[in-house]
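Novice: The structure follows.
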Amino acid sequence: SNFDLGSATKRWQSIDAKSMFGELTLSGDITVDSAQITLRQGNMFYVAENGDDSNVGDHPQGPFKTIKHALSASDASSGQPVTIYIFPGGYEEELPLVVPPNVSIVGEDYRNCFIRPTSADQSKDVFHLNGETSIQNLTIKDFYYDSINDTGYAFRFAPNTIVSTRSPYIQNCSVITQGTTTSASDPRGFASGDAGK
């Protein structure tokens, strides 16, 4: 059965329900066992494999799909500092990922949050960091070094970086690079001499 429980002129004060299922539920407030489900904490964004970059991204139930998009949203955020939470999964990203000042990127677990470049970006830097930034609990993999352009680093200062109060901070991150030529005896391609930095 379908029920329309309100309109712009007729609203319910509260509904007590044992179960509520639906394809679309629109509400200003949803409270479950005194926890307000729709509450936004502010200055937090979420990224998940099953997210969508057209989401608002500021709630765990409506995450962005890409870290790049979350970074652009955090740069436009009116309040600082900002934290971007990354749910477990693999994220293929356009590089470099430029982290604005006062932004932290926090993965759920460095053994379960993987960042790798798109095929067009395999020899680019992964993160460009500004002052007052931090990266935690991530694994960065499958990128290589380009000696002509001197790119292919997991972490670098962003161009024209200004550090006001503290330098970038990196904690609990794994970096698994690769070279351009792989083989059965050299699966990561380290013999090619151009593995990422």
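Novice: Within region 85-151, which strands (runs of 3 or more DSSP E) (wholly inside it) include 1 or more residues that are among the aliphatic types (A, V, I, L, M)?
Specialist: In region 85-151, 97-99, 103-107, 113-117, 127-129, 134-141 are the strands (runs of 3 or more DSSP E) which contain 1 or more residues that are among the aliphatic types (A, V, I, L, M).
Novice: For region 176-188, how many residues are over 27 Å from Val98 (Cα atoms) and open to solvent by less than 70 Å² (accessible area, probe 1.4 Å)?
Specialist: So the count comes out to 2.
Novice: Pairs please, first residue from region 52-74 and closer than 19 Å to Pro100 by Cα, second anywhere and open to solvent by 20 Å² or more (accessible area, probe 1.4 Å) and in a helix (DSSP H, G or I), Cβ atoms under 7 Å, 6+ apart in sequence or on different chains.
Specialist: Asp53/His69; Gly57/Ala73
Novice: Do the conditions hold for Ile115, that is, is it aliphatic (A, V, I, L, M), more than 19 Å from Ala195 (Cα to Cα), within 10 Å of the chain's Cα centre (by Cα) and buried (at least 19 other Cβ atoms within 10 Å of the Cβ)?
Specialist: no
Novice: Let me ask another. Out of region 166-193, which residues are part of a loop (DSSP other than H, G, I, E, B) and either closer than 23 Å to Val106 by Cβ or among the charged types (D, E, K, R) (or both)?
Specialist: Going residue by residue through region 166-193, those that are part of a loop (DSSP other than H, G, I, E, B) are 166-168, 177-189, 193.
Arg166, Ser167, Pro168, Thr177, Asp186, Arg188 - these are the residues of region 166-193 that are part of a loop (DSSP other than H, G, I, E, B) and either closer than 23 Å to Val106 by Cβ or among the charged types (D, E, K, R) (or both).
Novice: Can you list residue pairs whose Cβ atoms sit under 7 Å apart, with the first residue in region 123-137 being more than 17 Å from Ile162 (Cα to Cα) and the second being acidic (Asp, Glu) and open to solvent by 10 Å² or more (accessible area, probe 1.4 Å)? Count only pairs 6 or more apart in sequence or on different chains.
Specialist: Ser123/Asp146; Asn137/Glu108; Asn137/Asp109
Novice: Collect the residues in region 126-147 that are open to solvent by less than 10 Å² (accessible area, probe 1.4 Å) and closer than 21 Å to Pro187 by Cα, keeping them in residue-number order.
Specialist: If the condition is that a residue be open to solvent by less than 10 Å² (accessible area, probe 1.4 Å) and closer than 21 Å to Pro187 by Cα, then Thr139, Ile140, Phe143 are the ones that fit.
Novice: For region 79-112, enumerate the residues that are farther than 15 Å from Asn137 by Cα, open to solvent by less than 70 Å² (accessible area, probe 1.4 Å) and not hydrophobic (A, V, I, L, M, F, W, C).
Specialist: The answer is Gly79, Glu93, Pro96, Pro100, Pro101, Asn102.
Novice: Does region 161-175 contain any residue that is within 21 Å of Asn43 (Cβ to Cβ), at pLDDT 95 or above, open to solvent by 30 Å² or more (accessible area, probe 1.4 Å) and touching a helix residue (DSSP H, G or I) at 6+ places or on another chain (Cβ under 7 Å)?
Specialist: No, there is no match, as no residue in region 161-175 is within 21 Å of Asn43 (Cβ to Cβ), at pLDDT 95 or above, open to solvent by 30 Å² or more (accessible area, probe 1.4 Å) and touching a helix residue (DSSP H, G or I) at 6+ places or on another chain (Cβ under 7 Å).
Novice: Yes or no: region 118-125 includes at least one residue that is closer than 23 Å to Asn50 by Cβ, open to solvent by less than 20 Å² (accessible area, probe 1.4 Å) and more than 14 Å from the chain's Cα centre (by Cα).
Specialist: yes
The values are calculated or read from the model by the stated rules, or taken from the named source; none is laboratory data. This is a predicted model, so every value here is computed, not measured. No Cβ is skipped: glycine too gets one built from the backbone with ideal geometry, and neighbour counts run over all protein chains shown. The protein model used for the area step is the full one, side chains on, heavy atoms only, and it has no ligands, DNA or RNA in it. Shrake-Rupley method; radii C 1.70, N 1.55, O 1.52, S 1.80 Å.
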